[in-house]
Every structure is written in C-alpha cells, then in structure tokens.
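> Here it is: the structure, laid out below.
The values are calculated or read from the model by the stated rules, or taken from the named source; none is laboratory data. On a predicted model such as this, the values are computed, not experimentally measured, just so you know. For neighbour counting, all protein chains shown are included, and Cβ atoms are generated from backbone atoms with ideal geometry for every residue, glycine included.
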Amino acid sequence: MFFLLNDSVLRLDGEELAPHVIGRRFASVAFEYVQLLGQEVFAMAPLVQRTNPEQAIKLCSLIVAKAPEINAALFVSPGIGCKPEQVSVRFATVDVAVMATLCTAQAQGNLDPLSADREVWRRLAA
C-alpha cells in the first residue's frame, strides 16, 4: 500500500497492516492519540518523511490501522521544537490514479511540495 505523507509517497508493508496484527497491537489506541503522536513527531522533526523514513512509515501504518480509508496525511510544523498543538494536520483519501501519478513523479525525482500540494492538498491554490 502507498501512503502520501506531506510530499513523500511511502510504501507500507502489507504484513504490518494485517488485520490480526493491528487488532492485537493497536486495539486500545484511539485515532486522536495517533494524530497527537504525529504532531509530536513533526514538532521535533518537520521533515521526518525524508530524514527518518522508517519512523514515518510506522506513523503512517498507525494511521491506516485506525482509519483504513485514509492514505494521505499532511503535518505542517511552524518549526523544529514547536509545541505539538502548533502542528496542523489534514488527512485525505487519495484516488488510486492520483497516487500512481505521485509515485511516478517521485520515482523520476519530480515530486516536491508544490506538486503534492497541487495534486492533493491544494493549500496554495488561489
């Protein structure tokens, strides 16, 4: 499964997402807690999707475990060391065709924040 985290497409391991594994490991964790965890991660490392992809993949796996329909998340931090509450968050369900376009762009080295924004987040649209 592919997951768009900010401006990076990450590949999530299917075995990690198996329902029996998720059910046992994360049954008591609420989605709101996963969101807060993401905010804490991005408060400490605003570019974690690039600097620590393993940690980013774990975060994305948690998001999918609690909300399987979500395949994209945007965490925007005002700076390193900010308060977690200052990190804004958006979630989305991205169409398979759009995700394929993003994967291709990333493989060709053409996926950047502006491209991801135009395709999914539309924060910069006038």
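> Show the residue pairs that are 6+ apart or on different chains and have beta-carbon atoms under 7 Å apart, the first residue being within segment 33-52 and without any contact (Cβ under 8 Å) to a residue 40 or more places away in the chain, the second being charged (D, E, K, R).
Val34/Lys66
> With Ala105, Ala67 as the choices, which residue is out of contact with any Asp or Glu (no Cβ under 8 Å at 6 or more places or on another chain), crowded, with 16+ Cβ neighbours inside 10 Å and among the hydrophobic types (A, V, I, L, M, F, W, C)? It would help to see each step written out before you state the result.
On the way: Ala67 fails: crowded, with 16+ Cβ neighbours inside 10 Å.
Answer to the selection: Ala105.
> Which residues, counting only those in segment 59-75, are modelled with pLDDT of 95 or more and either of a type in the set (S, T, N, Q) or assigned to a strand (DSSP E or B) (or both)?
Asn71, Ala72, Ala73, Leu74, Phe75
> Quick one: would you say Val48 is touching a Phe, Trp or Tyr at 6+ places or on another chain (Cβ under 7 Å) and surrounded by 13 or more Cβ atoms within 10 Å (Cβ to Cβ)? Talk me through it step by step, then tell me what you get.
Numbers: touching a Phe, Trp or Tyr at 6+ places or on another chain (Cβ under 7 Å): yes; surrounded by 13 or more Cβ atoms within 10 Å (Cβ to Cβ): yes.
Yes; evaluated as a whole, the condition is true for this residue.
> Something else: When you look at Gln39, is it part of a helix (DSSP H, G or I) and either under 13 Å from Ser8 (Cβ atoms) or touching a Cys at 6+ places or on another chain (Cβ under 9 Å) (or both), yes or no? Outline the logic, then answer.
On the way: part of a helix (DSSP H, G or I): yes; either under 13 Å from Ser8 (Cβ atoms) or touching a Cys at 6+ places or on another chain (Cβ under 9 Å) (or both): no.
Here the answer is no, as Gln39 does not meet what is asked.
> In segment 75-102, what residues are surrounded by 16 or more Cβ atoms within 10 Å (Cβ to Cβ) and touching a Gly at 6+ places or on another chain (Cβ under 7 Å)?
Phe75
> Right, something else. If you go through segment 76-117 one residue at a time, how many are charged (D, E, K, R), at pLDDT 95 or above and not in a helix (DSSP H, G or I)? It would help to see each step written out before you state the result.
At the first step, the residues of segment 76-117 found to be charged (D, E, K, R) are 83, 85, 90, 95, 112, 117.
Pick out the ones that are also at pLDDT 95 or above and you get 83, 85, 90.
Still in the running and not in a helix (DSSP H, G or I): 83, 90.
Total satisfying the criteria: 2.
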